[in-house]
Amino acid sequence: MRRRILVLFATASLAAVSAVGNAGAAQKILYLGDSMSMGAFGKKLDDEMRDTGLEVYTYVAGGATPYYWLSRYQPISSSIGYWQKTPKNDVRKRYIKAVPKVEALINEHQPDVVVVQTGTNLYATLRSKQRTKEDNIREIEGLLEQMAKTVTSNGCRVYWITPPDAHVSKYPVALQEEMAGIMKRVVGKYGAVFDSRSVTKFTDPYPQTDGIHYGPTEASQWAQVVANDFKHFVHIGAGEFLAQATTEQDAANALLAASSPPSAPHATELGQEDIPRAIISENQPGALAMVGPDMLEGSFDQPERTGGGASPRQALPAAATPEAAKPALPAAPEPEVAATDTPADPDLNADEHRLADDPGVVPPAEWKPVVANLRLIRKSTVEHVNSVTYHNCLVLYEYEVLSLDSGEYPYKTIRVAETGVFSRRKMPALGYEIGKVRSLKLDPLAFYPTLEQWQLNDDLPVRIELPVFIPSMRD
């Protein structure tokens, strides 16, 4: 029988939090986020950190994952929103050609703590049908390991915020719990992990909403709980409360005491498995239940492509040394929407999908138009086309290159963005069948900046080395 627990607080600020480091200067915070941070959640968390006296550098990109931030991967654009806020500027853009790399940001700002809010766009990786389940897990583990290790390599602390609860029809509970568990297990070796699912609940209808983004009120409540926890984290140091405790129950009691405002009731029947920083009951009036549509405060036209435990935060003692990691390192970013059942073409073997590893294949410095004869071998999909939250979208298809009539292209397959939805109407490209042969004049999608801002449905296997082309619109 599930135990009912007390709601101790929702938006109370922690008192006497020190944002000053040993040298007397304000601690510097580098905050990285995806579209969850683009609206009310990011604004509230950013404001709370600054109000505490921290020096905050915020970089948020719609659709972002560690693939975007790590310099070992080529620069990736974001066409669904970008927000940059530092002590000197506050800039929002619909499109950015290349999301900043975390190594460069750390070198520039020299932060004491790096806050990372991400994960929703990795669900497709975890349930990809292009690999085995074990390989999917290793892919995620390797990526998180790289990010956490990179962030902490120069002495920075990491504070990782997992995805909030999503609608079960969008992402099954088991999948969400699995992702949160992987993040706690991998990133927890390096720093603190805040389990957002333990303090959020998405209840708005799906697919009428996108099933993942919260409304302004609920997103702000979620951010307040995270901010309260983060202030405590900054004040006492990563894992220090555990290092000082002699038992797990002592650690839980310390968390409870630190979280409660002076007037909060004392919970006397809580077990260690029930101690979160903000305690929630499903039946308690006033409990935090994060619900809301996909309309983000200050959001852009396109939504993000998609893309619990006892305590929301898990941390290790500062002295703990991460074990040497041996996960398989991911080779490229995963598409940000769920994979489909589109079968792989049996005529294409694995080597043809790893051409980037072939030293004999050298991509040009700049992609140029080509005219090619093509055969369709893979196609992405559009889910719920009658209730899409965007007016227009592109759909990424992959073709086998049968021959080139003009131009240079070094790979055996080419990816073409087809118009799938225009003015909320299905377009003929959605009906193309596998095996369709076409002769096309193609331009790099980058030739059309306006179209780069459209939603791009991409559930194809990972091929970051391949550029995206589009049927030419020029005479």
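Here's a check for you: in the stretch 378-395, which residue that is surrounded by fewer than 21 Cβ atoms within 10 Å (Cβ to Cβ) and not in a loop (DSSP other than H, G, I, E, B) is modelled with the lowest pLDDT?
Applying the filter and picking the extreme gives 387.
Name every residue in the stretch 138-169 that is surrounded by fewer than 17 Cβ atoms within 10 Å (Cβ to Cβ) and not charged (D, E, K, R), in order of residue number.
153, 154, 155, 168, 169
Of all residues in the stretch 61-95, how many are over 12 Å from residue 38 (Cβ atoms) and under 19 Å from the mean Cα position of the chain (by Cα)? Spell out the reasoning first.
Taking the stretch 61-95 as the starting set, the residues that turn out to be over 12 Å from residue 38 (Cβ atoms) are 65-77, 79, 86-91, 95.
From what is left, the residues that are under 19 Å from the mean Cα position of the chain (by Cα) are 65-77, 79, 95.
Of the residues in that region, 15 qualify.
Please go through the stretch 85-113 and give me each residue that is touching a strand residue (DSSP E or B) at 6+ places or on another chain (Cβ under 9 Å) and of a type in the set (Asp, Glu), ordered by number.
Within the stretch 85-113, 90, 108, 112 qualify.
Which ones in the stretch 30-67 are in a strand (DSSP E or B) and either in contact with a Leu (Cβ under 7 Å, 6 or more places away or on another chain) or among the polar types (S, T, N, Q) (or both)?
Of the stretch 30-67, the ones in a strand (DSSP E or B) are 30-33, 55-61.
Matches in the stretch 30-67: 30, 57, 58, 59.
What is the residue count in the stretch 189-206 for residues that are surrounded by fewer than 21 Cβ atoms within 10 Å (Cβ to Cβ) and out of contact with any Lys or Arg (no Cβ under 8 Å at 6 or more places or on another chain)?
Restricting attention to the stretch 189-206, the residues satisfying the condition of being surrounded by fewer than 21 Cβ atoms within 10 Å (Cβ to Cβ) are 189, 201, 203-206.
Remaining after also requiring out of contact with any Lys or Arg (no Cβ under 8 Å at 6 or more places or on another chain): 189, 201, 203-205.
Qualifying residue count, the stretch 189-206: 5.
Going through the stretch 77-94 one residue at a time, which ones are surrounded by fewer than 20 Cβ atoms within 10 Å (Cβ to Cβ) and among the aliphatic types (A, V, I, L, M)?
91
Residues of the stretch 170-188 being surrounded by fewer than 17 Cβ atoms within 10 Å (Cβ to Cβ) and over 26 Å from residue 216 (Cα atoms), which ones? Spell out how you get there, then give the answer.
Quick first cut of the stretch 170-188, residues surrounded by fewer than 17 Cβ atoms within 10 Å (Cβ to Cβ) only: 172-175, 177, 181, 185.
Scanning the stretch 170-188 gives 174, 181, 185.
Which residues, counting only those in the stretch 396-439, are touching a Leu at 6+ places or on another chain (Cβ under 7 Å), among the aliphatic types (A, V, I, L, M) and at pLDDT below 90?
Correct list: empty.
The values are calculated or read from the model by the stated rules, or taken from the named source; none is laboratory data. Keep in mind that what you see is a predicted model, and the values were worked out from it rather than measured. Glycine also receives a Cβ, built like all others from the backbone with ideal geometry; neighbour counts cover every protein chain displayed.
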